[in-house]
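Below is one structure, written out as structure tokens; the observations come after it.
What follows is calculated from the coordinates using simple rules that are stated; it is not laboratory data. Keep in mind the model is a prediction, meaning the values are calculated, not measured. Cβ atoms come from the backbone with ideal geometry, glycine included; neighbour counts cover every protein chain shown.
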Amino acid sequence: MISPFLRILGKPGGYRMLLGGLLVFLLALVTITGTYWTRFKPDEMDFEHPLVPPKSAWLTRLTTTADGRKALMESHQNAAPSTSSSSVTEEGDDLLGALKEEEHPPTEASTAKVEFSALRDHGHVLGTDKNGRDMIALLVAGARSCFLPGLVACAVALGIGVPLGLFAGFYEGRWRMFARIFNGTLLSMPRMVLILVVICVLEPNVYITMAVLGATLIPRVSELIATRVRILSGMGFILAAKEGGLGDFRILTRHLFWYQNRAVFFIQFSLIMAESILTETTLSYLQFGTKPPDVSWGNIIEGSRLTFFSGQYWITFFPAVAIIMAILGFFYLGDGLNARLAYREGR
Amino acid sequence: MKVVEEKNMHSLLDIRDLCISFERDGSGEKYLHAVNRISLRVDPGEIVGIIGQSGSGKTTLIMGILGLLRGAVPGVWRGEAFLDGKSLLPLCGEYAEEKSGGKIVKRNTPFQSAQEKLLGDLRGRDIVTIFQEPRAALDPYFRVGEHMLEALRRSRAPGGETELRTQGIELLQDVGLVDAARLWDLHPHQISGGMAQRVMIAMALCARPKLLVADEPSTALDVTTQAKLLELFRRLRDKHGLAILLISHDIGVIQEISQRVYVMRHGEVVESGETREVLENFQHPYTGSLVKAFAHFEHIPATSIANSDAVSLLEIKSLRKRFQQGDKSFWALDDVSLELREGETYALVGESGSGKSTLALSLMVLQTVNGGEVLYKGEDVLKADKKRMRALRREIRMLFQHPEAVLNPGMTVGAILSEGLEKDGEFTRNEIDQRISEVLDQVHLDPSHALRFPGNLSTGEKQRVTIARALITRPKLLVCDEPVSSLDLAIQAQIMELLREFQGRLGLTYLFISHNLQLVKLLAHRIGVMYMGRLVEEAPAGGFTTEGARHPYTRLLLASVPSMGDETSRSICAEFPDVEPVRLEGGCLFRNRCPWYLKSRNPECENKTPPLRNVLGGGKVACHLAGD
Ligand SMILES: Nc1ncnc2c1ncn2[C@@H]1O[C@H](COP(=O)(O)OP(=O)(O)O)[C@@H](O)[C@H]1O
Ligand code: SF4
Ligand SMILES: [Mg+2]
């Protein structure tokens, strides 16, 4: 059970591959199974508990300074009345209880205790945002909205780039000319500008945006594949495959793609996923990507812009960690695969 | 005892009990003993051969005594080596045997710069080396002349640029490069492999060395070029008293030129002595396998299919192919016509670049042609449509020279074999599996090989797989392009044996392409000789001898085959001028190398392409002056 992992570890790029693979696996797992085990829905607003901090005290202590904790408490005292005024007052015994206790100014030591015991049972393990949405539910929904657009980008970049590269490398002549013009045109357009233009002209839909991102990556993918195919085409086994009576289609799909370039395919897949997550979060943060009420890590952070400095670190912190983990995961996976491939081909 | 010592005192290179090892896994426990207790001696003015298969440690031995393995762990760790009485070995390795335990440990005496200098002086002055790939050893950015000047300066030859140039040109002429003044300004890629090898030798001679070590100097060369190189070695020895240590895997080369020989195997010398003595009365079975690799072939008489009533299977008519090379273009195939009869082996020989592979690829329709017909059972293969072509590709199969290049490293042997059958969905999985085990059995491989990847098969096994790959479609005609040239001698014999066996059992017809004339004679019924894209002679295997050959080029080829001190061969070779093959325009393309033309200056040879005409004895020849 363990031994294949140990074997991978020993290989060049093994650590990166394993770490990246683990992160990507977790991300995929969360995306797929998230809706079954999260306690709240991402659009469920718990008006009684807006901006509650993560449930466990040590998490809060770990991540905030004493000053920060103070600020946190103050903000809580400020926020609470405003929430109670905006929400229905006769509900939420817990919160009222907490407020009551806080009316008697407690000692420094007992403050934190009181605060956390009071909030113990609201069920938001990682806290809530300003609308009382559960952070865990938001993060899970965000995972989905970074995976799916990423897949769209990959589908476009690889779905067009790989065949184009195969043809351009194998047939030379017209295909190569076509690829050169096509790629040259795409490369001459700055990526961000292109994306913004498309957003402005069409409706701002994250999938369209990601498709555009994928398109801008076609040149890279197709050039990479074409160069490899051009070299491989001159090699004995392609000649031998022709001699054996294999048609061009089979030679392209089997020999050139599957046996010789599938590693490149997976590497590019990982790297493009990483890039598209980055782009998606950036765009969402800039409010060009996923629009509320749809959730993405980028727009969670965007929504927390105002609360971060007043001590509600968690709304920014957890999505940021998720973004970094996801990008690192895909990037490490791709990079590790790449090192492995380079090692195998170097032998 | 006294006698022995005295003899050793005179020897130029004296290696005693040398061991060179490499650490296997970094633990310091397991070693690969690449050279194991070798003793060897070269006397002044003597040509000594070392023969052994690839991987037997020949090159390692040389690198070791030259101190080129110093980074290796442990590298040279035991033994002694003297050059002209000076010990080489303290300079070669950093490891030695522990006095008591026999373990290899690092010596505590580090290298001293004085020693390094001494070694640097010896290397490249008293002892010089030339390697297999001459062009790889020449810097492509420097002209031939600059290489020569550099070598002369390094050997501290006195004089200014012009004097050095004169000296350099003399040296180049000395090694047979008549056109030295023109060569002086050329870059290495503009000269042929044979010329580059001579430039290397000329550079080596600058330092007036005592010993020349030649590591497989002729392996990458044509037989004709090789013959000239060996002649040059002989001359250098006679004229300059140069001692030569010649390393080769080719027994013919060793046999032809060396006085004494060491037979190496797995890092050990298994037999040594006078060449003639060793090769005739060998004691060790390994020497026997080298000498007799093809011996049993000669006993089986090639069944003569030369009788012309056998049905014609493949007919090539006026095939032409033009290649563009830079801004020049030339005919790689110029009006080639030949015919293969059912069940025969037609061999095609010629120097590299003569168009043999081009012919094979053209008739396999793996390349476009510029004209001509390829008739398979009367049907023009070149005009077949896709569907017909697929059927034809089952009947006409091809073997390639480098099996490792042909086998896709990502596929199992089973996948490689089944590919040719899977494509049309005509066979069920069961049938395919059955055929796979059948062909694997035919090529004497275990059925379990089907699950292995090419990467962990030996070269011989790989070539067997490519043969199985061809046989699985039950072909009629097999085009073999140098199928054994990249293999070791013993494996060559096995593969040749296999090919013969199939011909007898399955009635296959072969078009067998090779540059190895001895090999060809073992298998072929008829032999065609190509020169610069043209078929210049065709002869039944029996008539393929220096006496029987009609075309001067065929005679040159045959006489160039190394053989033990054969005077007639050497005198025939001497008739031919020492010039490089060049692509001439019009007339007979061979005329710049043809002794008959050079003597008679026959105008026909210049103006008229000699047609391929029938001669007595069932052959054909394309030469104006050849007799009937
Ligand atoms: N694809 C190609 N483009 C240009 N020249 C080629 C090509 N293939 C072969 N040639 C040239 O054609 C000539 C014949 O080559 P080849 O058929 O490989 O000879 P052989 O097999 O007899 O050694 C050589 O001069 C070679 O350099
Ligand atoms: S045709 Fe003339 S030049 Fe050519 S081989 Fe014959 S004699 Fe020599
Ligand atoms: Mg060839």
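Overview of values
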| item | result |
| --- | --- |
| Theoretical FRET efficiency, 1/(1+(r/R0)^6), r = Cβ-Cβ of B:Leu451 and B:Glu501, R0 22 Å, to 0.05 | 0.30 |
| Compactness of the range B:312-544 as Cα Rg over 2.2 N^0.38 Å, two decimals | 1.01 |
| Global geometry of the range A:260-347, whether rounded, prolate or oblate, following the gyration tensor of its Cα atoms and the 1.5 cut on a/c | prolate |
| Linear extension gain, B:Arg474 paired with B:His33, 0.36 nm per residue minus alpha-carbon span | 154.3 nm |
| Net charge over other residues, Cβ less than 13 angstrom from the Cβ of A:Gly336 (K, R count +1; D, E count -1) | +3 |
| Gained length - A:Ser188 relative to A:Asn205, 0.36 nm times residue gap less alpha-carbon distance | 3.7 nm |
| For the range B:326-360 versus the range A:243-302, the gap between their alpha-carbon centres in whole angstrom | 49 Å |
| Net charge over other residues, Cβ less than 12 angstrom from the Cβ of B:Asp380 (K, R count +1; D, E count -1) | 0 |
| Cα-projected label distance for B:Ala181 with B:Glu339, points at 7 Å along beta-carbon direction, nm | 5.3 nm |
| Point-to-point label distance, B:Glu163-A:Lys291, nm (Cα→Cβ direction, 7 Å offset) | 9.1 nm |
| Charge dipole of chain B about the Cα centre (unit charges at C-beta), most positive-ward option of B:Thr509, B:Gln173, B:Ser571 | B:Gln173 |
| Total formal charge among the other residues, if their Cβ is under 12 angstrom from that of B:Ser87, Lys/Arg +1 and Asp/Glu -1 | -1 |
| For the range A:1-46 versus the range B:141-162, the gap between their alpha-carbon centres in whole angstrom | 65 Å |
| Among B:Leu407, B:Phe544, B:Leu338 - extreme Cα towards positive end, dipole of the range B:312-544, charges at beta-carbon | B:Leu338 |
| Between the range B:420-495 and the range B:164-223, the Cα center-to-center distance that results, in Å | 43 Å |
| Mean ellipticity per residue at 222 nm, deg cm²/dmol - from DSSP H runs of n ≥ 4 across chain B, formula -39500 (n - 2.57) | -10500 deg cm²/dmol |
| Shape of chain B, Cα gyration tensor, a/c cut at 1.5 | oblate |
| Where labels lie 7 Å past Cα in the beta-carbon direction, separation of A:Phe5 and A:Phe47 in nm | 4.7 nm |
| Rounded FRET efficiency, nearest 0.05, which uses the C-beta distance separating B:Gln190 from B:Glu395 and R0 of 51 Å | 0.70 |
| Tensor-based shape of the range B:508-626 (alpha-carbon gyration tensor, a/c under 1.5 rounded, otherwise prolate or oblate) | oblate |
| Using a Förster distance of 25 Å, the FRET efficiency for A:Asn131-A:Val321 (Cβ separation, nearest 0.05) | 0.75 |
| Of the GluC sites (Glu not before Pro) in the range B:535-601, those whose Cβ has at most 15 other Cβ within 10 Å and which sit in DSSP loop | B:Glu547, B:Glu585 |
| Within chain B, percent of DSSP bridges classed antiparallel, to nearest 5 | 60 percent |
